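Reading through the structure tokens given below for one structure.
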Amino acid sequence: MSLRVLLVSIRAFHTLRTRGKLDDFEIFTLILSALEWRRHNGEIFLYTDTAGKKFFDEAGLLELWDGVDTSLDEWGRLGIDEKIFWAGAKLFALSKQPLPCVMIDLDFIVWQPLTFDSKLAVIHRESRDLPCYPDANYFRLKDFTLPAELNWTLDPCNAALVYFGDENFVRRYVDFAFDFMRAAEPLPNQSGWDLLPYMVFVEQRWLAMCAELCGVEVKSLSDLSELFGGKQKTFTHVWGYKKVFRENRAAADKFCQDCAKRIAHDFPEFSLQTKKIGYR
């Protein structure tokens with residue numbers, strides 16, 4: 001692939017645990033996420049399972065990444081409830097990374113070079129007053145007690161993009177996360193939004209708490225008003241639009257067509273793949 005040589009290269013990784021069919025707008029977003037990262041910032045790898053690798057192979061998309069690892073097959077055998085911890089595989093993939101590295105979601109695109117001057121950086125902080133961030137007594141855990149020293153006044157960190165540069169921090173972050181996920185025992189009648197606090201606690205709220213306990217400063221690359229205010233041109237996070245695209249086919253088609261045109265212009269070697277998805 002003829003992507004320009006970078007003066008500074010930052011390793012990044014995507015994570016995909018196969019649990020169903022990807023929508024076309026999701027495929028276009030991950031294509032741009034991978035290609036734009038390689039164009040501006042360095043190598044990017046995919047951590048998936050055997051089914052995920054087969055899907056991308058058949059779609060002719062394995063070359064999006066500098067390497068594809070199927071160790072998420074192992075993640076699926078750890079006995080963690082993926083209905084609750086639907087993003088838990090990201091933390092499993094993180095545990096296997098050489099540092100420094102960037103954990104980036106498939107629906108997040110970085111359009112420009114990034115630099116990091118800290119041991120930990122996140123895309124933005126979130127308000128702890130959101131309903132998905134309840135107090136400690138919300139969680140039902142078996143044979144596991146939340147440490148008393150956790151600071152519940154800290155604002156959580158959005159984990160759509162996170163830079164990790166400290167090995168001791170990553171080890172503590174993921175070890176606690178695995179213990180928490182194994183111990184979680186929500187009420188039997190809980191589902192949907194009632195379960196969301198479990199995932200966002202272990203991925204995002206614990207991230208801020210762990211940083212404080214380890215004495216690691218958290219730097220934010222943006223904030224919500226800047227990220228979605230329409231003026232910055234460095235980041236695109238499609239997360240908030242997925243519901244719109246699923247409910248509005250015309251909006252999804254327009255988005256996919258725009259992505260296909262961008263890919264054809266900047267990465268013409270992938271034009272054939274976009275045509276296979278159904279857009280020119």
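Computed quantities for the displayed model
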{"quantity": "Footprinting exposure proxy for VAL244, VAL218 (fewest neighbouring C-beta atoms within 10 Å first)", "calculated": "VAL244, VAL218"}
{"quantity": "Loop trypsin sites (Lys or Arg not before Pro), the stretch 185-257, which have at most 13 other Cβ atoms in a 10 Å radius of their Cβ (DSSP)", "calculated": "LYS231, LYS233"}
{"quantity": "Pairwise centroid distance, computed over Cα atoms, of the stretch 95-171 with the stretch 23-46, Å", "calculated": "21"}
{"quantity": "The stretch 173-224: C-alpha gyration tensor shape, a/c 1.5 cut-off, then a/b vs b/c", "calculated": "oblate"}
{"quantity": "Taking the chain and dividing mean pair separation by its residue count, relative contact order in percent (alpha carbons under 8 Å, at least six apart)", "calculated": "23"}
{"quantity": "Unsatisfied cross-links (Cα-Cα over 28 Å) in the set LYS53/LYS96; LYS233/LYS261; LYS21/LYS231", "calculated": "LYS21/LYS231"}
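Bear in mind these aren't lab numbers, they're just calculated from the coordinates by the rules spelled out. Predicted model, so just to flag it, every value in this text is computed and none were measured. Reconstructed Cβ throughout: ideal geometry from the backbone, glycine too, with neighbour counts over all protein chains shown.
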